[in-house]
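See below for the structure under consideration.
Rule-based calculations on the coordinates, nothing more; no lab input. No experiment lies behind these values; they were computed from the predicted model shown. Here Cβ is always computed from backbone atoms with ideal geometry, including for glycine, and neighbour counts include all displayed protein chains.
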Amino acid sequence: ATYCNVHVYRNRRQREEANHFYGREDVLRRGPDGRLRLFRRKIVLDQRVVLDKNLYVFL
């Protein structure tokens, strides 16, 4: 498994900005062709309540 920490900064218009911090754990497995494939992904946000208007961001 691999684990990484991610910071997403989003800015909309002049005054709307949001910061999202999360941890991501990926489990990779080899496919029949020998290439690594994403088997499972777990995302843990560092916030209990997301105050942003939407999460239209690829995490």
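Using DSSP to define loop residues, name the chymotrypsin sites (Phe, Trp or Tyr not before Pro) in the chain whose beta-carbon has at most 15 other beta-carbon atoms within 10 Å.
Sparse-neighbourhood loop chymotrypsin sites (Phe, Trp or Tyr not before Pro): Y56, F58.
Given an 8 Å cut-off on Cα distances and at least 6 residues of separation, report the relative contact order of the chain as a percent.
Rounded, it is 28 percent for the chain.
Explain nothing, just compute: Karplus ³J(HN,Hα) = 6.51 cos²θ - 1.76 cosθ + 1.60, θ = phi - 60°, for every residue of segment 12-26 in order, whole Hz, x for Gly and Pro.
For segment 12-26, the Karplus curve yields 10, 6, 9, 10, 8, 9, 9, 10, 10, 10, 7, x, 10, 10, 10 Hz.
Scan [x] 1.15; [y] 1.04; [z] 1.12 for the value of Rg/Rh (Cα atoms, Kirkwood Rh) calculated from this model and give just the label.
Recomputing Rg/Rh (Cα atoms, Kirkwood Rh) here picks out [z].
Search the structure for amide H atoms under 5 Å from the amide H of L55, placed 1.01 Å from N in the peptide plane, and list their residues when 5 or more places away or on another chain.
Under 5 Å from the amide H of L55: no residue qualifies.
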